[in-house]
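Colleague: Handing you a structure now.
The values are calculated or read from the model by the stated rules, or taken from the named source; none is laboratory data. Source: prediction; values computed, not measured. Every residue, glycine among them, receives a Cβ derived from its backbone with ideal geometry; neighbour counts consider all protein chains shown.
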Amino acid sequence: MRERRLAISGVRLTRLPIGLHGVGRGWVTAQATGLILALFALPVAAGVFDLDPTFWHKYLVPGEEIVTPHIAWCKPGTQKKIKALFIVRRGSTREAVELAQRMDLDYRVFALGNGEFFVAPYIHSEADRAVMPDMVKDPRGMAKELEKMLTDSYDLIVLGFVGWDSLPWSARYLILKKVKEGTPLVGLVFKIDEYLARATETKITPEFQFLFPYKALPVFSKYSSFRDFTASTVAVSQFGQGKIVQLKGLPQVGGALTPGIVDDPLAASLLDYDYYCAYVIHLMRWAVGHEPKCRIRGVDYLRIDRAQPVPVQFTIDSGARRKVVCRFMLRDRDNRVLVSQEKSRVTAPGSKAIEFALPADLVAGGYYADLWVVDEGRIDDFGSAFVEVTSANSIAGIDIPKSVRKEAPIQGKVRLSLGAQAEGLSLEVVRKDNHGRVTHRVSMPVNGRTAVPFELPAIEPLTVLQYLQAELRQGPHVMDRRQAPFTIANLYLTPDDIVYVTWGGGGGYLGARYFELLRQAGFDAIYTRAVAPQAVRANLHQVSYATRFADTVKDRKETDHVRVPCLNDPAYLESEAKNLRQIATQMQPFSDNLLSLGDETMFAPYGSAVELCFCPLCVGKFHAFLKSDYGTIENLNQEYQSSHKSFEEVQPVTLGEARQDAKLVPLWVDFRRHMESTWAGMFQFCRDTVQRVNPDAQIGYEGSDMMMNSFLAMAGDYWKMSQVARLNNPYETPFAAHVVPDLGQPGSLLGIGYISACGNIQRTEVQSRFYPWHFLFHGANCFMVHFANPGYSPCGMMAPDFSWYDFFKANIREVQEIKGGIGKLLLSATRDGDKTALLYSASSVHAATVAEQQASLTMERVLSSYVRLFDDARRHFKVVAYAQVADGVLERDGYRWLILPYAQALSRAEVEHIVAFVRNGGTVIADLRPGVCDEHGKPYPTGLLDEVFGVQQDTATFKAKWAEVTINRPGTPGAFPKTQVDAGLKVTTGKASADAGGVPALIENSYGTGRAILLNFSMAEYMAGSASSPQAGPNVVPVGAFFRALCSLAGMPAAIEADPELPGLRTYRFTSGDAAYLGVMQDMPGLTYFWGNPDPNRPQTPGLTRLTLPTKSNVYDVRAGKSLGCTDQIDGCIPIGNAQLFALLPYRVKKLAVDVPGTVRQGAALQYQVTVKTDGARAGRHVLRVVLVSPDGVEAECYSRNAVAENGELRGRITLALNETLGRWRLTVKDIATGTTAEKSLRVKKSVE
């Protein structure tokens, strides 16, 4: 690996002062302009530097850790390494590495955040900026660094797709100064200024003498001759002592200096990139004067009849007698090497011919004929010719659909061009998948037909991308071979196992390599704005960032209540529908059916309390909403205490108006509910739209749901949104991490946050290990990474050279382990909520907003506090929504405890079920003012739950009061810190065990066969901080102690004990029949959830503790794959970031019995059966990892699967390919819960076709 070296002035990897951000071109003074003008009559200078091996080292200095497929054109070479300075866009940095893989380069790279503007890269926050070197965050620091690099001496300067006028004046001056003094410049440059234009006025016509197969390359094939090709693609100028070599005429730029893919991205040959690089290498060698001692000449394009093959001839020109080796390779467009031959030659001054025979039975098509002249083990020159082999009888084309459904046959025809001697021709049609597996083959006689139809039956495809290959044969000889790609349209991502997604995208040849690296790391999909067909070549799916519904009004006034655009505007809806139809149509062929409706998509501006939307369209829809809700105007008038004659008379009011007149509260709440329905309705509209294109399409969103309020500024009604969205990955807050998976519908792709370095450039391995388990234990089936674009920003996970940052490699390892079966194990189980429900009430959010005037309580903080209290107490719950309670979920799902957090607004239907729940033996716990108003916010005459709690509440007025609480209940702490209480409450049949400044508190009451506990004080003081960064409050210890006592008082299941106690120790329980799974980990210290930094001051505990379980079980350490015996205690080491998972089974697993046939033929189905054998008890549900290992000992990943074995029984089938490797294979099976493994061998025999 090339040593990374760079000099960066003034780098301090501690907190740095904030530098200037966003200064564009033109900031240098007129003095610099004078330097440029003076350059056209000037002499010259030089310098060096160094950087510590840190994160910034990898971000700034490309290395060669990642080796991609390549042809070493001139490495090692006979000439000295070219010392080159590359100035490129950071996203194109990889091309410098690609060139260095193919030639001898001693290179440095200066990368711009953007090729058009000299600006810093994307910076997420001031916290990011504080730890950045000046040369990264500040254009002036960047300019200073570039100037310093330009003081060194180089053999070559390379400008890779850079806007010349974006460079600082000083850099332009220094570059031209160096060129004038003799340093050549090779570049792909746009937006030139008058000075570069003057420097390139003196054109020269170079005599390029390298051998290059331009006719084979899609971008260059149109040129009629080598001279025409070079004249059209490169311009050479003389400036002083140096040359300026400018690339031109590229219709699409893919890298820094190379073209992009201009033909079908599914069919394009990635080998072309090697030859585009070869062209650049030839130009660079020519520019620096690297003349070979033995030059290769020849014909660059040969057209050969396969019936009359002739050898490929080259000429070697030499100025002296030398003993060399001529290495020849013939390769097809798929990079299959058909001939590899070496011939030793002794050259003499002059020219010497050398030829290489072609195989006698070449298939018609295009080939590269490559030649290297090797002198004492080093490459002196290289060159290539394009060989086109023709046939009198050939394939003119393949006509097939571009996409088919997996259950459909593939039908089409092969068009033939027939000439003489067409007798005895046959056509073989083969279907292959993207793993290279042949899944069907059929042969048919041609019989003189120029169009041969065919139909291949449907299969069970393993890849979205498939190929149809046709071979024209004459007896045993293959005359011609063609291949056409097609895709499966409905082989979708399935959410029954972990889906690993990253923000990312790309195109061109390097984009294809980037996608391959993502797939190798275990990613299943990219999240991207533009449909990227090349992703399917790497077997990646795509989640489309299809649109975003943002309010576009900036600096909105408080009196402006009209949203732009309005979500009820027919013109806007049609515009969005048109866009979505187009995207759904583009995605469908690639089995991509998930469309995100935006990142940070929100109804109102971020973090605002703007009340939208009062436009006539929304008000008109509001009237329809009211009519649907109330039925008659009389019912509405009764609720509103109004005298409207029609629904059309009703107009929305503001929060201020509602607070001034309590009669207006129901109207205000109803309009907020209507806006929540409008927001959810927009998603429903989009889902309906895309499903008219693809009935399987689904929609969702991400980067939202974190700020619960009445204004839809960052979250809507969670229940309504869960009914329409099948994709959601919120910004994690304590409550969002529970409500999203708990309310998510079956079949949804759900995350609870991001694996991200945004907001925290100093991401650690500990955090990288922590997040996948943290997400999994909360019920997520999607791990979303933000982001893996190489070079987009230092906030990413992949360096510009395509290597993963070291901290993120830990994340990849953890996710790969989870995807190896543990994820499927937990997703196949039920996350245990200890039969405890925590109510989410959208109407109570609005009631809290109204009441903020009296009590500074937000529902966001209330719910965050409850979630963290449960987590810290190692107790579990499930979020249930208001609509679920009204529908009987408490009784139906067997809940025994119900928490009502600040649940002021309850409908009569909700109350009816809550009352029945308690009457029939349930326990309800409330903090403040439960059920004082209806779902519209109108106070009930008396609290509907007053009888249940044994109290009398003042439903009309919240007499909020701050007070300390004195508790006289055995088993509870004696005091609770100052909090908010309702001074208007009176006790009737209940019994108060606490006093809050003369106000009764901690009231218990028996009702039917159940119990009710009303605290009459808030628990919200447990959390502090903002909604986006909630943190532990100052009273964590006493509030936490009271909550644990409250759980015991309510009779909730005992928490798992830890001795010694570890800070932030969490437990997560999953059940599957009689089996249970226990996840254990320490929370990150001081984690703020929303892209937060851990607290560096929290002591790092060793993590040694003993866990005591409620009962004895057969305990297995799932990650270690070993039994801990039948016990109720687990001794473990649980350091921060290291998750532990234990299986608690009612039986011991003795072995796995695997049954497979002794032999299976290629193309046949391998039927297997696995039985989990226990110590006597009947096995329950198990998850098994099934792997097929080839005769050479390599796992056939395309067949690997995680399978659910119900009652310990699994019957499976693997359909082998027709070209499967012959020999002895092994089927290995692992029981994920216990680590028990088994293996059986089988022999694959040749197919009988």
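Colleague: Among the residues of segment 143-164, how many are touching a strand residue (DSSP E or B) at 6+ places or on another chain (Cβ under 9 Å) and part of a helix (DSSP H, G or I)?
Modeller: 4
Colleague: In this structure, is residue 937 touching a residue at least 40 places away in the same chain (Cβ under 8 Å), small (Gly, Ala, Ser) and touching a Ser or Thr at 6+ places or on another chain (Cβ under 9 Å)?
Modeller: yes
Colleague: Condition first: at pLDDT below 95 and either assigned by TED's automatic domain parsing to the domain that holds residue 65 or part of a helix (DSSP H, G or I) (or both). Now tell me which residues in segment 761-804 satisfy that.
Modeller: Of everything in segment 761-804, those that are at pLDDT below 95 and either assigned by TED's automatic domain parsing to the domain that holds residue 65 or part of a helix (DSSP H, G or I) (or both) turn out to be 765, 766, 767, 768, 769, 770, 771.
Colleague: Residue under question is residue 836, and the condition is that it be in the same structural domain as residue 962 (by TED's automatic domain parsing) and closer than 30 Å to residue 668 by Cα; does it hold?
Modeller: Against the criterion (in the same structural domain as residue 962 (by TED's automatic domain parsing) and closer than 30 Å to residue 668 by Cα), residue 836 does not qualify.
Colleague: Got a sec? Which of 655, 612 is within 30 Å of residue 726 (Cβ to Cβ) and either aliphatic (A, V, I, L, M) or surrounded by fewer than 17 Cβ atoms within 10 Å (Cβ to Cβ) (or both)?
Modeller: 612
Colleague: Condition (residue is more than 12 Å from residue 414 (Cβ to Cβ), at pLDDT below 95, in contact with a strand residue (DSSP E or B) (Cβ under 6 Å, 6 or more places away or on another chain) and buried (at least 18 other Cβ atoms within 10 Å of the Cβ)) applied to segment 474-482: is it met by at least one residue?
Modeller: no
Residue-by-condition table, conditions (1) among the basic types (Lys, Arg); (2) free of Cβ contacts under 8 Å to residues at least 60 places away in the same chain; (3) on the phi > 0 side of the Ramachandran plot:
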{"position": "900", "(1), (2), (3)": "no, no, no"}
{"position": "927", "(1), (2), (3)": "no, no, no"}
{"position": "947", "(1), (2), (3)": "no, no, no"}
{"position": "953", "(1), (2), (3)": "no, yes, no"}
{"position": "958", "(1), (2), (3)": "no, no, no"}
{"position": "963", "(1), (2), (3)": "no, yes, no"}
{"position": "969", "(1), (2), (3)": "yes, no, no"}
{"position": "980", "(1), (2), (3)": "no, no, no"}
{"position": "984", "(1), (2), (3)": "no, yes, no"}
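Colleague: If you don't mind, another one. Please identify the pairs in which a residue from segment 631-645 that is in contact (Cβ under 8 Å) with a residue 40 or more places away in the chain and at negative phi has its Cβ atom under 9 Å from the Cβ atom of a residue that is surrounded by 13 or more Cβ atoms within 10 Å (Cβ to Cβ) and hydroxyl-bearing (Ser, Thr, Tyr), counting only partners at least 6 apart or on another chain.
Modeller: 639/630
Colleague: Among the residues of segment 362-382, count how many are farther than 25 Å from residue 273 by Cα and surrounded by 15 or more Cβ atoms within 10 Å (Cβ to Cβ).
Modeller: Residues meeting the conditions: 1.
Colleague: Quick one: would you say residue 283 is among the aliphatic types (A, V, I, L, M), over 30 Å from residue 359 (Cβ atoms) and either surrounded by fewer than 20 Cβ atoms within 10 Å (Cβ to Cβ) or assigned by TED's automatic domain parsing to the domain that holds residue 349 (or both)?
Modeller: no
Colleague: Another one. Which one of the conditions (1) farther than 26 Å from residue 829 by Cα; (2) surrounded by 15 or more Cβ atoms within 10 Å (Cβ to Cβ) does residue 1159 fail to meet, given that it meets all the rest?
Modeller: (2)
Colleague: Exactly one condition in (1) surrounded by fewer than 16 Cβ atoms within 10 Å (Cβ to Cβ); (2) farther than 26 Å from residue 861 by Cα is not met by residue 639; state its number.
Modeller: (1)
Colleague: Would you point out which residue out of 617, 667 is of a type outside the set (Ser, Thr, Tyr), more than 30 Å from residue 492 (Cα to Cα) and buried (at least 20 other Cβ atoms within 10 Å of the Cβ)?
Modeller: 667
Colleague: Residue under question is residue 423, and the condition is that it be surrounded by fewer than 18 Cβ atoms within 10 Å (Cβ to Cβ), outside the structural domain of residue 538 (by TED's automatic domain parsing) and among the acidic types (Asp, Glu); does it hold?
Modeller: Criteria met by residue 423.
Colleague: Across segment 383-400, which residue is surrounded by the most Cβ atoms within 10 Å (Cβ to Cβ) among those that are of a type in the set (A, V, I, L, M, F, W, C) and either touching an Asp or Glu at 6+ places or on another chain (Cβ under 7 Å) or closer than 23 Å to residue 448 by Cα (or both)?
Modeller: So, considering only residues that are of a type in the set (A, V, I, L, M, F, W, C) and either touching an Asp or Glu at 6+ places or on another chain (Cβ under 7 Å) or closer than 23 Å to residue 448 by Cα (or both), the one surrounded by the most Cβ atoms within 10 Å (Cβ to Cβ) is 385.
Colleague: Report, by residue number, each residue of segment 171-221 that is under 30 Å from residue 373 (Cβ atoms), buried (at least 19 other Cβ atoms within 10 Å of the Cβ) and either assigned by TED's automatic domain parsing to the domain that holds residue 386 or of a type in the set (D, E, K, R) (or both).
Modeller: 215
Colleague: Now for a different question. Can you tell me how many residues in segment 290-301 are over 14 Å from residue 356 (Cα atoms) and assigned to a loop (DSSP other than H, G, I, E, B)?
Modeller: Residues meeting the conditions: 5.
Colleague: Run down 882, 895, 840, 902 and say which single residue is farther than 22 Å from residue 957 by Cα and buried (at least 24 other Cβ atoms within 10 Å of the Cβ).
Modeller: Within the list 882, 895, 840, 902, the selection yields 840.
Colleague: Please go through segment 302-314 and pick out each residue that is in a strand (DSSP E or B) and either among the charged types (D, E, K, R) or surrounded by fewer than 16 Cβ atoms within 10 Å (Cβ to Cβ) (or both).
Modeller: 303, 305, 313
Colleague: For residue 683, indicate whether it is among the aromatic types (Phe, Trp, Tyr), in a helix (DSSP H, G or I) and closer than 22 Å to residue 611 by Cα.
Modeller: Judged against the criteria, residue 683 is a match.
Colleague: Another one. Residue 241 versus (1) surrounded by 15 or more Cβ atoms within 10 Å (Cβ to Cβ); (2) under 24 Å from residue 292 (Cα atoms): which is the lone unmet condition?
Modeller: (1)
Residues are listed down the side, and each one gets a yes or a no for (1) within 23 Å of residue 857 (Cα to Cα); (2) among the aromatic types (Phe, Trp, Tyr):
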site	(1), (2)
936	yes, no
947	no, no
950	no, no
958	yes, yes
962	yes, yes
966	yes, no
981	yes, no
992	no, no
996	yes, no
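Colleague: Looking at segment 155-170, which of the residues that are closer than 19 Å to residue 145 by Cα and of a type in the set (A, V, I, L, M, F, W, C) is surrounded by the fewest Cβ atoms within 10 Å (Cβ to Cβ)?
Modeller: 164
Colleague: Additional query: State whether one or more residues within segment 655-664 are closer than 24 Å to residue 605 by Cβ, free of Cβ contacts under 8 Å to residues at least 12 places away in the same chain and charged (D, E, K, R).
Modeller: yes
Colleague: A follow-up question, please. Just the residues that are buried (at least 24 other Cβ atoms within 10 Å of the Cβ) and more than 29 Å from the chain's Cα centre (by Cα), please, taken from segment 53-72.
Modeller: None - no residue of segment 53-72 is buried (at least 24 other Cβ atoms within 10 Å of the Cβ) and more than 29 Å from the chain's Cα centre (by Cα), so the list stays empty.
Colleague: Another question about this same structure. Name the pairs: first residue in segment 1050-1074 and outside the structural domain of residue 926 (by TED's automatic domain parsing) and in a loop (DSSP other than H, G, I, E, B), second residue crowded, with 16+ Cβ neighbours inside 10 Å and of a type in the set (Asp, Glu), Cβ to Cβ under 7 Å, at least 6 apart or on different chains?
Modeller: That search, which allows pairs on different chains as well, returns 1052/834; 1053/834; 1064/1083.
Colleague: How about segment 376-393: which of its residues are among the small types (Gly, Ala, Ser) and out of contact with any helix residue (DSSP H, G or I) (no Cβ under 8 Å at 6 or more places or on another chain)?
Modeller: If the condition is that a residue be among the small types (Gly, Ala, Ser) and out of contact with any helix residue (DSSP H, G or I) (no Cβ under 8 Å at 6 or more places or on another chain), then 377, 383, 385, 391, 392 are the ones that fit.
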